[in-house]
1. List the equivalent ellipsoid semi-axes of region 65-105 in whole Å, largest first, each obtained as the square root of 5λ for an eigenvalue λ of the Cα gyration tensor.
2. Taking 10 °C and 1.306 mPa s as the conditions, I'd like the Stokes-Einstein D for region 1-68 in µm²/s, using the Kirkwood hydrodynamic radius from alpha carbon pairs.
3. Taking N as the number of residues in region 193-348, what value does Rg over Cα atoms divided by 2.2 N^0.38 Å take?
4. Computed from the mean reciprocal separation of all distinct C-alpha pairs, what Kirkwood hydrodynamic radius does region 351-441 have, in Å?
5. Please compute P(r) over all alpha-carbon pairs of region 129-262, binned at 5 Å starting from zero, and give each bin as a whole-number percent.
6. I need the peptides 69-75, 182-188 ranked by packing, meaning the mean over residues of other C-beta atoms within 10 angstrom, with the highest value on top.
7. Distance from the Cα centre of region 74-89 to that of region 108-128, in angstrom?
8. How would His126, His350 rank on accessible area, largest to smallest, probe 1.4 Å?
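The values are calculated or read from the model by the stated rules, or taken from the named source; none is laboratory data. Model, not experiment: these values are computed from the prediction. All Cβ positions, glycine included, derive from the backbone under ideal geometry; neighbour counts span all protein chains shown. Just the protein is used for accessible areas: all its heavy atoms, side chains included, with ligands, DNA and RNA removed. Shrake-Rupley method; radii C 1.70, N 1.55, O 1.52, S 1.80 Å.
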Amino acid sequence: TRILERSDPKRPEGRVISVLRRGLKHIVGRFHRMGRKGGVVVPRNQRLGRNVYIVAPPPPDDLSDATWVTVRLTEYPPPPDDLVGEVDEILGDDQTQGIDILMVLRDYGIIDEFPEEVLNEAAALHGFQENDLTGRKDLRDLPTFTIDGYDAKDYDDALSVEIVPGGGHRLYVHIADVAHYVRPETALDAEAFRRSTSIYPVDRVVPMLPEALSNDLCSLRPNEDRLTITVEMDVTRSGQVEDYRIYESVIRSNLRLNYRDVQSFFDGIKNPSTRRLEKISGDMRALYDLMELFRERRLERGALDLDLPEVEIEFDEVGVVENVVRAPRWDSHKIIEECMILANEVVAEHMEKCAMPFLYRVHDKPNADELGRLSPILEGYGIPFVDKGQDAKAIAARIQEALAATEEMEAPHIFCRIILRSLAKACYAPANIGHFGLASSSYTHFTSPIRRYPDLLLHRVLKKVLQEEKPDSEWLENMKETLDGIGEYCSEMERLADAIESEASRICALSFMRGRLGEAFQGHVSGVTNYGLFVELRKYPVDGLLHVRDLHDDRYEFDEATMILKGRRSGRIFRMGQSVEVLVHRVDVLNQEMDLRLALLEESHPRRGGRLYQSRRRRAW
């Protein structure tokens, strides 16, 4: 690119001189036959603005009209001419089961299948031999269990807990020893790094490792011996780790538990699923007590409690979406989270003491500009956001106070989401700047080596420490040189996975809402822009756009500082968290859009019970 001499230095303009590398190599679109030997593909992403001409090699004769395909681009004529390409993969038609999610994956360049060389390497791996147990601590007689989702297939963490005489607990966090099987400079390792993370797009999994590892050799399945790395922690009555041991181990999980059954047990529900937990009721109560201690200590030191509800898609027997709900947030989830956070902190601090190169999981504090933009928005809704200083602890206290105030709102998660957007994104880096959100001075990702490459990489370095293997200077130098790039790449792939999962979830939700055209729903304003309101439905956690042009009763102006729409003539205000009744007017699953129309204007103060407008015909109080 050549910068134009007369362009504004603050907003420079330039001219493209040459294209060094094409970022767009594949396109997903709908095929339409043109003549006997040609065709055109209309891209799924309509923002591209150009079609793809298919001529050589000609499309297959059995390729039906309106079929979804993946196209490999071969020529890039200048606009407005069509692009040129060839059909790379036939995905199916509109009736193909799971076609929407498959198109999302291909749009992002994600291929589910593993290369043959990788599958062959995985198939050649077998369970451990007796000599593999040399130097490992045998914990197979220690009562151990896993807690996961009811439909989970890979179990990479397990827990054990003991009550220590005189008070306190001994907590064991066992993590699958994936590094024992996935070795450097193998096809398995190269593919794991390329994928970097497992992806969970609603109705399927795109795993980082082949099933032979993720669902078998490295999965801590019940009543099977498995190689692990254990973090054993002595926890005081106040929830503080006073001592710890980290070592290679072998375990035998006794029970495979799921979140629902564990929560039912805590809630005192009696059924066949909870009765089997009675024999470990002491362990369950101990874990519950530890969870409360760990959580309390984190919040006291300044951790943020951004407990946002997640969307859960429910399918019927044939794979059709039958409901969209807010995923429950249970104490059984928090038990696992708190135990894993603690293990990650202990390992990070241990590795730091050993002065070994590894990737931290870091989260920077928000900058002053972001906080400055956030302040008038929150204060406009009566949420205090008083400046307490610019150090991390003062900023955390400021945000904690605001989060506590949102609990009084009718839709607290909407305001939590506004706060979350002002925060930096966590990422992987070899330099430690701490983790702001967790208020942790040293944090890493150690607990999920089956599905995250940074965890696998950490395991390799940790095993060198545990085996007292002195790394040679060449290895150390190589690690220091490559960690920055690995961290950036893994962070980028994590963001890509998040985008895919979010898009897949929205597509399924909109597919469900397509059957509710014309229906009226109560909702809350979840976003305000100069072109309209985003409204999240109460019954279903799906949001749609109420365009400003469809607010016919007045001309509305947008105040960016406070995020409100205000009518010029009436002074009527639309604001975040406000209750409105809307009609589902249009649903476009392909473009992920849902248009709403106003059914009833019901403006409410964000605090419960503070109704200002009950309808368009009622006066304000």
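1. Values: eigenvalues 121, 19, 18 Å².
So the equivalent ellipsoid measures 25, 10, 9 Å along its semi-axes.
2. Values: Rh = 14.9 Å.
Taking Rh from Cα pairs, D becomes 106 µm²/s.
3. Details: Rg = 18.1 Å, N = 156, 2.2 N^0.38 = 15.0 Å.
Compared with the compact-globule rule of thumb, region 193-348 sits at 1.21.
4. Details: mean 1/r = 0.0699 Å⁻¹.
One decimal place: 14.3 Å for the Kirkwood radius.
5. 2, 10, 17, 19, 19, 16, 10, 6, 2, 1, 0
6. Working: 69-75: 17.9, 182-188: 15.9.
Listed from highest to lowest mean packing, they are 69-75, 182-188.
7. After rounding, the separation between the Cα centres reads 32 Å.
8. On the way: His126 125, His350 40 Å².
Final ranking, largest accessible area leading: His126, His350.
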